[in-house]
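Have a look at the structure below before the remarks.
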Amino acid sequence: MKMDLHLHTNHSSDGEFSVAQLIKKVKAAKLRVFAIADHNSTEGVKEYLTHFKDEQLMIITAIEIDCVFNDTHLHVLGYGIDPYFEGFDQLRARYFKQDLDNSALLLKKVRDLGIVVDEKQVQAISFHGVINAEMIAEVALADARNANHALLKPFRKGGTRSDNPYVNFYWDVCAPGKPAHVPGVYITLKAAVDLIHAAGGIAILAHPGNNVHEDESLLKSIIDHNVIGLETYSSYHSQAQVDFYHKFAKSQDLIQTIGSDFHGKTKPAIKIGQCQSYEGDAVLFSDLIRAINRS
């Protein structure tokens with residue numbers, strides 16, 4: 001029972017592939033169970049259920065919600081949700097407006113670093129007018145006028161951050177605390193979990209190694225907010241981190257999930273179904289389904 005519970009379509013602003021294209025890749029990877037977990041949106045899930053439902057595949061309905069807890073920006077996965085829950089439409093509209101409003105300022109801040117960015121080219125690949133750091137990186141790295149810009153060197157072929165250059169540009173240049181960061185306002189962890197519960201789902205902390213790291217005190221505070229599991233097996237986690245989260249999950253009686261966080265060109269080093277679990281995917285699947293059925 002091979003599965004990948006963290007996949008993005010182009011209903012996420014940083015996702016490359018349509019639902020139809022993603023399903024072809026899911027089948028090519030020989031997955032049996034998968035989840036479309038787009039950022040703050042269930043449009044991809046609804047599109048699949050309406051037009052592409054396949055009896056050979058099992059979808060776990062999902063969403064990935066941006067939220068904050070104690071000044072830490074988190075991603076929380078909701079599994080087993082009702083994708084038609086109106087609260088998700090409201091969240092998607094709220095975050096889309098914020099991202100649209102922030103696009104011009106983000107572009108300006110990157111340009112203020114001396115990086116040449118062709119606005120027409122960025123707009124051409126924008127997400128309904130929304131410009132994000134990954135799009136800016138794609139255009140800037142392809143522009144010959146930036147060939148010798150020191151700030152971009154790590155993201156070029158052979159550079160220390162060239163494995164996933166576009167998203168690494170976000171983390172190194174545009175993330176909180178970085179020079180081109182544009183702050184956003186996100187719902188609280190409690191609000192995100194409440195939204196997931198209202199839609200009949202369960203809350204899982206996505207790729208904790210990215211933002212929580214190995215802070216046990218912070219992890220315990222997060223799970224105290226009815227977060228019942230961890231995405232232990234993530235493309236972002238080192239072997240040491242997998243071991244840490246596996247041990248922590250066992251000690252706290254948490255369920256564990258597996259997800260690549262596949263996006264396409266923004267994270268080219270990440271492949272569908274690339275993560276492997278200690279227990280075996282069938283065991284993780286059974287635990288997940290039992291938790292969803294209890295919700």
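The values are calculated or read from the model by the stated rules, or taken from the named source; none is laboratory data. On a predicted model such as this, the values are computed, not experimentally measured, just so you know. Methodologically, a virtual Cβ is constructed for each residue, glycine included, from the backbone with ideal geometry; neighbour enumeration extends over all protein chains shown.
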>> Can you find, within region 260-269, the residue that is surrounded by the fewest Cβ atoms within 10 Å (Cβ to Cβ) among those that are in contact with a helix residue (DSSP H, G or I) (Cβ under 9 Å, 6 or more places away or on another chain) and over 14 Å from L22 (Cα atoms)?
In response: P268
> Could you count how many residues in region 137-158 are surrounded by 14 or more Cβ atoms within 10 Å (Cβ to Cβ), of a type outside the set (K, R) and either in contact with a Lys or Arg (Cβ under 9 Å, 6 or more places away or on another chain) or part of a loop (DSSP other than H, G, I, E, B) (or both)?
Replying inline: 6
> Going through region 83-102 one residue at a time, which ones are touching a residue at least 60 places away in the same chain (Cβ under 8 Å) and exposed (fewer than 14 other Cβ atoms within 10 Å of the Cβ)?
Replying inline: none
> If you go through region 190-222, how many residues are surrounded by fewer than 19 Cβ atoms within 10 Å (Cβ to Cβ) and either touching a His at 6+ places or on another chain (Cβ under 7 Å) or aliphatic (A, V, I, L, M) (or both)?
Replying inline: 5
>> So for region 56-64 (the condition being touching a residue at least 12 places away in the same chain (Cβ under 8 Å), in contact with a Pro (Cβ under 9 Å, 6 or more places away or on another chain) and over 25 Å from N293 (Cβ atoms)), does at least one residue qualify?
In response: no
> Looking at region 197-207, is at least one residue without any contact (Cβ under 8 Å) to a residue 60 or more places away in the chain and more than 17 Å from the chain's Cα centre (by Cα)?
Replying inline: no
> Is it true that Y245 is more than 17 Å from the chain's Cα centre (by Cα), surrounded by 15 or more Cβ atoms within 10 Å (Cβ to Cβ) and hydroxyl-bearing (S, T, Y)?
Replying inline: yes
>> Condition first: without any contact (Cβ under 8 Å) to a residue 40 or more places away in the chain, in a loop (DSSP other than H, G, I, E, B) and under 17 Å from the mean Cα position of the chain (by Cα). Can you find one or more residues in region 21-39 that meet it?
In response: yes
>> Residues that are outside the structural domain of D38 (by TED's automatic domain parsing), at positive phi, modelled with pLDDT of 95 or more and surrounded by fewer than 16 Cβ atoms within 10 Å (Cβ to Cβ): does region 162-185 have at least one?
In response: no
>> So Q123 passes all but one of these: (1) within 27 Å of Y245 (Cα to Cα); (2) surrounded by 14 or more Cβ atoms within 10 Å (Cβ to Cβ). Which condition number does it fail?
In response: (1)
